[in-house]
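The values are calculated or read from the model by the stated rules, or taken from the named source; none is laboratory data. Note that the structure is a prediction, hence the values are computed from the model and not measured. Don't worry about glycine lacking a Cβ; one is built from the backbone with ideal geometry, like all the others, and counts go over all protein chains shown.
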2 protein chains.
Amino acid sequence: MANQQCSGGTGIAGCSFSVHPMSDRFIEIITGALEKADTSKVWMNTDDVTTTVRGKLTHVFDVTKAIFIHAAETGEHVAFEATYSLGCPGDSAGDVYLAEDDAPANHEQVKEIHQPVAAKFSLYPLGGGNYMDIIMNQIEAMKKHVDVSHAHYATRLDGHSVKIFEGLQQVFEATVEGGSSHTVMTVSISANSPSHKGGSNNE
Amino acid sequence: MANQQCSGGTGIAGCSFSVHPMSDRFIEIITGALEKADTSKVWMNTDDVTTTVRGKLTHVFDVTKAIFIHAAETGEHVAFEATYSLGCPGDSAGDVYLAEDDAPANHEQVKEIHQPVAAKFSLYPLGGGNYMDIIMNQIEAMKKHVDVSHAHYATRLDGHSVKIFEGLQQVFEATVEGGSSHTVMTVSISANSPSHKGGSNNE
């Protein structure tokens with residue numbers, strides 16, 4: 001089915017993402033981050049374009065956060081690009097591992113790592129629901145943790161990576177709970193960039 | 001308007017994208033690519049997370065293609081991540097340059113550069129229209145130029161970058177012409193990856 005661009009039957013969340021270290025050591029950094037993260041609670045596959053993770057929503061966010069943070073803690077300039085998805089009508093039921101418990105495997109290991117980042121995210125609720133109010137409320141809630149500002153085609157976030165991933169997961173979950181049957185969120189995160197300007201929006 | 005995640009009033013296309021060279025020379029490669037591309041027919045702004053281009057659709061594709069190809073022709077492993085957008089209801093009318101003509105400024109310069117790449121794209125027609133038939137027809141048409149296969153959350157393309165950008169622009173235009181009033185397309189492209197395996201889908 002060449003035209004089937006998405007996956008994520010009932011309850012199966014997924015993420016197609018990449019970690020791009022701007023460094024000659026990129027293979028070592030990516031391999032190291034993949035090894036350090038505990039991926040035992042998701043299905044995961046890496047090819048030459050992206051890495052795909054599928055499983056329960058909480059584990060999908062936990063694993064992608066951990067892989068990014070382990071890459072960024074090398075101190076190199078690292079970019080993270082991800083599309084999170086849940087509920088695509090064209091999904092297959094295969095290639096997934098649904099862990100029995102909801103305890104995020106990497107939480108303890110990464111929660112104390114303070115990694116400032118700049119991020120942009122966009123939310124696309126494709127399956128209806130009262131989503132605009134939810135997005136607005138969730139972005140308001142996110143302001144308690146990180147700086148939020150407008151960017152073209154996205155909302156910009158500046159803050160610590162653990163807080164940013166917490167906020168992203170909350171926005172995504174609230175959109176699903178608000179009635180969106182097919183939810184897509186794109187995220188770009190930049191760590192250790194020589195262009196960072198103290199977290200301000202330099203648009 | 002912190003909750004306004006998108007831009008692109010009637011006729012204004014845009015793209016938020018990043019080029020990530022996996023190399024210690026990343027600044028030189030990015031700067032060089034931005035300089036080599038002719039960006040005179042679009043509005044463009046680069047911050048520490050992404051570069052934003054706004055203008056006529058044909059110029060937005062032309063400029064993003066040229067910047068990616070100039071980065072990739074250094075021979076370094078380069079990733080390109082982009083979200084193309086047209087028709088977002090929340091758009092502002094500012095930050096745009098609408099060139100008077102439709103002649104793509106970079107076409108002659110890059111058309112003969114043969115850069116094999118692996119790509120994944122996803123199309124999100126948010127504004128209605130008879131889009132599923134259009135997507136299927138366009139993906140069929142794309143098979144004349146590049147290899148097309150299924151990936152989780154995306155359609156995979158393997159081929160030469162000029163052909164892949166041609167195909168992406170055609171799919172996007174056909175979706176808009178098919179009645180989608182708000183169209184979003186995400187694209188990930190990888191060039192010169194040590195993991196490339198001759199263009200096959202190794203999923």
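If we keep just the residues of region B:138-185 that are hydroxyl-bearing (S, T, Y) and at the interface with chain A (Cβ under 9 Å from one of its Cβ atoms), which is nearest to A:Y153 (Cα to Cα)?
B:Y153
Since A:E112 meets every condition but one in (1) more than 18 Å from A:H59 (Cα to Cα); (2) in contact (Cβ under 8 Å) with a residue 12 or more places away in the chain, which condition does it not meet?
Here A:E112 meets the rest and fails (2).
Confirm whether A:V49 is closer than 30 Å to B:L126 by Cα, touching a Lys or Arg at 6+ places or on another chain (Cβ under 7 Å) and in contact (Cβ under 8 Å) with a residue 24 or more places away in the chain.
yes
Among the residues of region A:81-97 satisfying the criterion of being among the aliphatic types (A, V, I, L, M) and within 18 Å of the chain's Cα centre (by Cα), which is modelled with the lowest pLDDT? Give the derivation first.
Within region A:81-97, the first condition is being among the aliphatic types (A, V, I, L, M), and the residues that meet it are A:82, A:86, A:93, A:96.
Subset that is within 18 Å of the chain's Cα centre (by Cα): A:82, A:86, A:96.
Working: A:A82: 98, A:L86: 93, A:V96: 82.
Only one residue fits best here, namely A:V96.
List, please: which pairs have Cβ atoms under 6 Å, are six or more places apart or on different chains, and start with a residue in region B:21-34 that is in contact (Cβ under 8 Å) with a residue 24 or more places away in the chain and farther than 16 Å from B:T64 by Cβ and end with one that is of a type in the set (F, W, Y) and in a helix (DSSP H, G or I)?
B:M22/A:F26
Collect the residues in region B:56-69 that are out of contact with any helix residue (DSSP H, G or I) (no Cβ under 6 Å at 6 or more places or on another chain) and buried (at least 24 other Cβ atoms within 10 Å of the Cβ), keeping them in residue-number order.
As a first pass, look at region B:56-69 and keep what is out of contact with any helix residue (DSSP H, G or I) (no Cβ under 6 Å at 6 or more places or on another chain): B:56-60, B:62-64, B:68.
Within region B:56-69, B:H59, B:V60, B:D62, B:V63, B:T64, B:F68 qualify.
In the set A:M185, A:M136, which member is farther than 25 Å from A:E73 by Cα and either in contact with a Pro (Cβ under 9 Å, 6 or more places away or on another chain) or not charged (D, E, K, R) (or both)?
None of the others qualify; the one that does is A:M136.
Let's see how each residue does on (1) hydroxyl-bearing (S, T, Y); (2) surrounded by fewer than 23 Cβ atoms within 10 Å (Cβ to Cβ); (3) in contact (Cβ under 8 Å) with a residue 12 or more places away in the chain; (4) part of a strand (DSSP E or B):
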| position | (1), (2), (3), (4) |
| --- | --- |
| A:D158 | no, yes, yes, yes |
| A:I164 | no, no, yes, no |
| A:L168 | no, no, yes, no |
| A:T175 | yes, no, yes, no |
| A:G179 | no, yes, yes, no |
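When you check A:S149 against the structure, is it over 23 Å from A:V63 (Cα atoms), crowded, with 20+ Cβ neighbours inside 10 Å and touching a strand residue (DSSP E or B) at 6+ places or on another chain (Cβ under 8 Å), yes or no? Walk me through how you get there before you give the answer.
Details: over 23 Å from A:V63 (Cα atoms): yes; crowded, with 20+ Cβ neighbours inside 10 Å: no; touching a strand residue (DSSP E or B) at 6+ places or on another chain (Cβ under 8 Å): yes.
Against the criterion (over 23 Å from A:V63 (Cα atoms), crowded, with 20+ Cβ neighbours inside 10 Å and touching a strand residue (DSSP E or B) at 6+ places or on another chain (Cβ under 8 Å)), A:S149 does not qualify.
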